[in-house]
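Peer 1: Pasting a structure here, questions to come.
The values are calculated or read from the model by the stated rules, or taken from the named source; none is laboratory data. Here the structure is a predicted model, which means the values were calculated and not measured. Here Cβ is always computed from backbone atoms with ideal geometry, including for glycine, and neighbour counts include all displayed protein chains. To get the accessible areas, we keep the full protein, side chains included, count just its heavy atoms, and leave off ligands, DNA and RNA. Shrake-Rupley method; radii C 1.70, N 1.55, O 1.52, S 1.80 Å.
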Amino acid sequence: MKSNRPINLPLSQVIAVNSKSPIAMASILHRVSGIVLFLLVPVMLCILQTSLSSADSFAAVFNNIALRFVAWIFVAATAYHFVMGIKHLLADAGMNEELKSGRTAAVISFVIAAVLIVASFVWVMF
């Protein structure tokens with residue numbers, strides 16, 4: 001008799017299965033970007049507080065390449081999370097529920113997010 005009970009797959013097998021689907025990758029990376037945003041909010045608030053204390057500290061914060069890189073990571077995660085959030089909201093509204101349209105929406109979302117991430121890199125770092 002065949003058992004219908006769920007089985008626990010090793011993480012490597014889960015990653016191997018999900019890495020082939022743009023829909024799954026969009027969802028997983030959306031969660032990762034949310035975690036990155038959650039972890040970087042206190043760091044960004046600290047940077048903001050430091051930059052607002054005086055004109056010299058403002059210059060020191062924004063002349064520091066490492067702090068600008070952290071700011072870019074925050075902006076890039078925000079851009080990605082926003083684009084994929086819109087994609088998920090449209091899916092919740094009943095759009096792109098079929099496999100083909102879902103894949104198309106995921107790929108289009110990846111392209112839009114990539115453009116925003118590159119644009120944010122130019123904006124923050126230069």
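Peer 1: Can you confirm whether L40 is within 15 Å of the chain's Cα centre (by Cα), open to solvent by less than 40 Å² (accessible area, probe 1.4 Å) and within 22 Å of V118 (Cβ to Cβ)? Please lay out each step first, then the result.
Peer 2: Working: within 15 Å of the chain's Cα centre (by Cα): yes; open to solvent by less than 40 Å² (accessible area, probe 1.4 Å): yes; within 22 Å of V118 (Cβ to Cβ): yes.
Taking the combined requirement at face value, the residue satisfies it.
Peer 1: Cβ-Cβ distance below 7 Å, separation of 6 or more or different chains: which pairs start in segment 52-72 with a residue that is touching a residue at least 12 places away in the same chain (Cβ under 8 Å) and end on one that is of a type outside the set (A, V, I, L, M)?
Peer 2: Short answer, once both residue conditions are applied: V61/T50; V61/S51; R68/F62; W72/S120; W72/F121.
Peer 1: A further question on this structure: Provide a single number: the residues in segment 111-124 that are open to solvent by less than 70 Å² (accessible area, probe 1.4 Å) and farther than 17 Å from V36 by Cβ.
Peer 2: Of the residues in that region, 1 qualify.
Peer 1: Would you confirm whether any residue within segment 47-57 is at pLDDT below 95, surrounded by 11 or more Cβ atoms within 10 Å (Cβ to Cβ) and among the aliphatic types (A, V, I, L, M)?
Peer 2: No, because not a single residue in segment 47-57 is at pLDDT below 95, surrounded by 11 or more Cβ atoms within 10 Å (Cβ to Cβ) and among the aliphatic types (A, V, I, L, M).
Peer 1: Just one of A16, A71, A66 is in a helix (DSSP H, G or I) and surrounded by 16 or more Cβ atoms within 10 Å (Cβ to Cβ); which is it?
Peer 2: Working: A16 fails: surrounded by 16 or more Cβ atoms within 10 Å (Cβ to Cβ); A66 fails: surrounded by 16 or more Cβ atoms within 10 Å (Cβ to Cβ).
Sole residue among the options that is in a helix (DSSP H, G or I) and surrounded by 16 or more Cβ atoms within 10 Å (Cβ to Cβ): A71.
Peer 1: Here's another thing I want to ask about it. Would you tally the residues in segment 78-97 being outside any helix (DSSP H, G or I) and within 14 Å of P22 (Cβ to Cβ)? Give the steps one after another, and end with the answer.
Peer 2: Residues of segment 78-97 that are outside any helix (DSSP H, G or I), as a first pass: 93-97.
Checking the rest, the ones that are also within 14 Å of P22 (Cβ to Cβ) come to 96.
Adding up the residues that qualify gives 1.
Peer 1: A further question follows. Does segment 106-113 contain any residue that is touching a residue at least 40 places away in the same chain (Cβ under 8 Å) and of a type in the set (S, T, Y)?
Peer 2: Filtering segment 106-113 for residues touching a residue at least 40 places away in the same chain (Cβ under 8 Å) gives 106-107, 109-110.
Adding the requirement that they be of a type in the set (S, T, Y) leaves 109.
The answer is yes; a qualifying residue exists.
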